[in-house]
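The structure appears below as C-alpha cells.
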Amino acid sequence: MESSTSNHSLNSLSRSSSQFKRSHSNDSIKLLEIVKAESIVYFDINEKMLHNITIIYEFQHLGYSTIVQIIEQCKDVVQKYYLDITVKNREQRRKEMHNNKANYIDLVNQYITELNVSLGLAQEKLCQALGIDETVYQESVLHHLNNGKCEHFFDLQSKLRKLLKVGLFKNAQQDVDVSQVLVILKELFLDGNQPKEIEPGMSWEVKNIIFHDYIYDIFRLEEEDIIHLLSDEQQDQLLASIMHVI
C-alpha cells in the first residue's frame, strides 16, 4: 500500500546515487557500493527498453514524457534485484520481529534504502545507455517537480512499486475470506492500537512494512497477495485502517 504522505519515497525517485552519497551516513554509502556491484549482475538493460523511451527536450530540460518513460522502464531493470532483496529481507527481519526490535527496524530501513538506491541507479544506468547527462536528468526532474508535477510523480512512483510487488506474486491462499481479513484488521488497529515497533517520527515507508509484517504474521498473506485477492475498494479500506492509527 502507498500513501501521499510518503515524501521520502517521492524524493527517492529524483535522487541520483551521487546525491545519495553526499547526504547519507557511511553505512549507507557502503550499502550504495554493494548495490552498485550487484547491479552489474542483476540489472538488465536491453534495446527494447531503450526503444520505449523517446528523448524530447524542452529548452534545457528533458520533457516530462521522457522522464516518465525512463521511470516506467525501471520496473524491468530492477525486477530481478527487487525479488532477491525482498525475499531475503523478509526472511531476515521476520526472524527478528518479535525478538530484537532494534535489529528488526534496522533491517526494515536497510530494505527501504536498498530499494530507493536501486531505483536511482536504474534511472542513472538508463540515462547512460541513452546518452543523457545525469545532471541534466536530475535538473529536469526537479524542474518538473517544482512546476506542478509533484502529484504526478507520486502517482507514477506508487504505480511502479505496485507493479514490482505484483511481480512477486506466486500463489496466494484462495480460500481466504477477504472481508473477514478486513474486519480483523480493523479490530486489531481500532482506537489507536498499533504494533509496538511503531514509534513517533517513523516514515510512512517503515510503518507500512511493519503493518504488512503483522498482516503476514496473522494471515500468512504477503502484500502482493493482498493486491491479488482484494479489490481496489477493499485495498483502500485496508489502507484507511492503517492510516487511522498512524
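The values are calculated or read from the model by the stated rules, or taken from the named source; none is laboratory data. Keep in mind the model is a prediction, meaning the values are calculated, not measured. Note: ideal-geometry Cβ built from the backbone for every residue, glycine included; neighbour counts use all protein chains shown. SASA here: full protein model, heavy atoms, side chains in, ligands and nucleic acids out. Shrake-Rupley method; radii C 1.70, N 1.55, O 1.52, S 1.80 Å.
Restricting attention to the range 37-61, the residues that are open to solvent by 60 Å² or more (accessible area, probe 1.4 Å) and closer than 25 Å to Leu145 by Cβ add up to 8.
Take the conditions touching a residue at least 24 places away in the same chain (Cβ under 8 Å), in a helix (DSSP H, G or I) and surrounded by fewer than 18 Cβ atoms within 10 Å (Cβ to Cβ) and apply them to Asp225. Does it pass? Answer is no for this residue. If the condition is being within 20 Å of Lys75 (Cβ to Cβ) and open to solvent by 40 Å² or more (accessible area, probe 1.4 Å), then the range 125-150 contributes Lys125, Gln128, Ala129, Lys149.
A single entry from Ile53, Ile40 fulfils the requirement of being in contact with a helix residue (DSSP H, G or I) (Cβ under 6 Å, 6 or more places away or on another chain) and either under 24 Å from Phe154 (Cα atoms) or of a type in the set (A, V, I, L, M) (or both): Ile53. The residue that is most open to solvent (accessible area, probe 1.4 Å), counting only those in the range 176-197 that are modelled with pLDDT of 70 or more and over 14 Å from Ile215 (Cβ atoms), is Lys196.
Please work out which residue is least open to solvent (accessible area, probe 1.4 Å), limiting yourself to the range 69-124 and to residues that are closer than 22 Å to Pro200 by Cα and among the aromatic types (Phe, Trp, Tyr). So, considering only residues that are closer than 22 Å to Pro200 by Cα and among the aromatic types (Phe, Trp, Tyr), the one least open to solvent (accessible area, probe 1.4 Å) is Tyr104.
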